[in-house]
Amino acid sequence: MPNFTQETSYMPADIRITLNHGLGCLTLDRPQAMNSLSLGMIRTMTQALSAWRTDENVHAALINSSTPKAFCAGGDIRFFHEVAHGGLQGGSALLEDFFTEEYALNHLIHHYQKPYIALLDGIVMGGGMGISQSSSAQSIRVVTERTRMAMPEVNIGLFPDVGGGYFLSRLPGELGTYLGLTGEIVATDDTLYANLADVFVPRAELPALMTLLESVDDHQYQQAVDEFAAPFAAQIDPANSMLAKQRHLIDHHFAHDNVAAIMSSLAQDDDPFAQKTLNTILKRSPLMVCVSLEQIRRSAKMELADCLRLERTMVRRCFEHGETVEGIRALAIDKDNAPQWRPPSLPEVTQEMIAPFFTSAWPDYAHPLRDLV
C-alpha cells in the first residue's frame, strides 16, 4: 500500500496523488471519461483521505482535475449499464460496492476535519458534486468562469444522490428543488448565488493559487484563498445570475409538495422561464421526478448519514425497476435520446409506485452504511 503521509507523489490509475508542504492533493486524471468516477478511483480517494485525516504532517486536502474540460462529470454510467446487462463478471457485487463506497466517501468528505479545497473548473455534475459539496466549516469550493454545475440524475432515470437530498434541500428557498427536479446546468454566478461554491478564481490563475496553497505555513488556507480571490470578485455578480433573476418564480412554483401541483402551477404561468421549466421536466423520467421530490422533502429533516442510507436503498430500487438502465441506454449507449420511461407520463405515476423507493432494502443492523454517524 502506498504511503500517503510523506512528501511524495503517487500515481495510481486515473488519480495523481501528491503531498507537498503539508498539502495533500488528489488530481482526477481520467480525461477520456471526463473524470467519471470508477470504483478504483473511489477507493484510492478514500484510502488517501482517510490516511491524511489523522496524519499530523498533512494540514489540508485539495482535489482538482488534470483536464480543463471537467472537474468530474459524475459516476461511470457506462459501467452501470454494462453491469446491469451482465457484461462484467462479478458485476452485480461491484455495482453494490460502488454505491456503498461512493456514499461512504461522500460522508467522509462532508465531515472532513481538515481544510478540504475543491477546485471546480469545468463540468461538475452528479458524483462530482458528491466529492466537492461539504458541510464542514473548513471546506473551500473554488469555481472558475468555465464551471458548469448540475445534479442531472432525473435525465437518466435516477435521483440526486451522493448526498444530493441533503445539500439540495438546504439551499436557499426552493433552488434545490428546482435543480433536483429539472437537472438543469447552472453557471458560475449561479453556483455562488445558490451557496454551491464559495469563491471565484479565473481559470488562468489556478496555477498561481496552487503555488500559494503549497507554501502556506500557518495552516490558514481559508484566509489565503479569500485574499487571493478578492481581486477577482468584481468579475462575477451572483445577484445578477439566472437563479437570482428567476428566484421569485422558482420559490413560487416549486414550493408545492407534489409534482402535479408544481406542474399545474408552471402550466398556468405564461412567463418564458416557467414554460421552459415545464417542458424540461416533461422530458425527465416521470417516476424519478416524483421520487426525487419526495427525497428532497424528506431529506430536509434528516442528518447526512440518514440521507445517504436512504439514498443507498433508493439506488438499489432504481436498478431493480430498470429506469436507470433505460435512461443510460438512451443518453450514453444508443444515444437516441428517446428513453422509454415506465410509466411514460406524470399523471400515470402513483403513490404505490413511489413508496418502494423509500422502503429499506435491508434491516437496520445489516444496512451497508449502518456505521455512518
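The values are calculated or read from the model by the stated rules, or taken from the named source; none is laboratory data. This is a predicted model, so every value here is computed, not measured. Neighbour counts are summed over all protein chains in view; Cβ atoms, including those assigned to glycine, are modelled from backbone coordinates with ideal geometry.
Picking from residues in the range 183-218 that are touching a residue at least 60 places away in the same chain (Cβ under 8 Å) and in contact with an Asp or Glu (Cβ under 7 Å, 6 or more places away or on another chain), the one that is nearest to VAL162 (Cα to Cα) is GLY183. Within the range 183-205, if we keep just the residues that are closer than 11 Å to MET149 by Cα and among the polar types (S, T, N, Q), the residue that is nearest to the chain's Cα centre (by Cα) turns out to be THR191.
Considering the range 316-348, the residues that are of a type in the set (S, T, N, Q) and over 17 Å from SER292 (Cβ atoms) include one that is surrounded by the most Cβ atoms within 10 Å (Cβ to Cβ), namely GLN340.
Rundown of residues vs (1) in a loop (DSSP other than H, G, I, E, B); (2) out of contact with any helix residue (DSSP H, G or I) (no Cβ under 6 Å at 6 or more places or on another chain), yes/no style:
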site	(1), (2)
SER132	yes, yes
ARG146	yes, no
VAL154	no, no
PHE159	yes, no
VAL162	yes, no
GLY165	no, no
ARG170	yes, yes
GLY173	yes, no
GLY176	no, no
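Being in contact (Cβ under 8 Å) with a residue 40 or more places away in the chain and surrounded by fewer than 22 Cβ atoms within 10 Å (Cβ to Cβ) holds for only one residue in LEU158, LEU108, LEU119, LEU171, and it is LEU108.
Regarding GLU303, is this residue out of contact with any Pro (no Cβ under 9 Å at 6 or more places or on another chain), closer than 25 Å to PRO172 by Cα, among the charged types (D, E, K, R) and surrounded by fewer than 19 Cβ atoms within 10 Å (Cβ to Cβ)? Criteria met by GLU303.
The criterion of at least 3 residues that are without any contact (Cβ under 8 Å) to a residue 40 or more places away in the chain is met by the following helices (runs of 4 or more DSSP H) wholly inside the range 294-368: 304-321.
Just give me the residues in the range 12-41 being more than 15 Å from GLY74 (Cβ to Cβ) and either assigned to a loop (DSSP other than H, G, I, E, B) or acidic (Asp, Glu) (or both), in sequence order. Give the steps one after another, and end with the answer.
Start the filter on the range 12-41 by keeping residues that are more than 15 Å from GLY74 (Cβ to Cβ), which leaves 12-13, 15-27, 29, 40.
If the condition is that a residue be more than 15 Å from GLY74 (Cβ to Cβ) and either assigned to a loop (DSSP other than H, G, I, E, B) or acidic (Asp, Glu) (or both), then PRO12, ALA13, HIS21, GLY22, ASP29 are the ones that fit.
Here ALA230 fulfils each of the conditions (1) within 28 Å of SER136 (Cβ to Cβ); (2) under 24 Å from the mean Cα position of the chain (by Cα); (3) not polar (S, T, N, Q) apart from (2). ASP257 is checked against (1) outside any helix (DSSP H, G or I); (2) closer than 28 Å to PRO115 by Cα; (3) at pLDDT 95 or above and fails just one. What number does that condition carry? Every condition holds for ASP257 apart from (2).
Given the criteria β-branched (Val, Ile, Thr) and part of a loop (DSSP other than H, G, I, E, B), does THR67 qualify? Taking the combined requirement at face value, the residue satisfies it. Put simply, of GLY127, GLY180 the only residue that is touching a residue at least 12 places away in the same chain (Cβ under 8 Å) and under 19 Å from ARG78 (Cα atoms) is GLY127.
Using the structure shown, decide if ALA274 is surrounded by 12 or more Cβ atoms within 10 Å (Cβ to Cβ) and assigned to a helix (DSSP H, G or I). Here the answer is yes, as ALA274 does meet what is asked.
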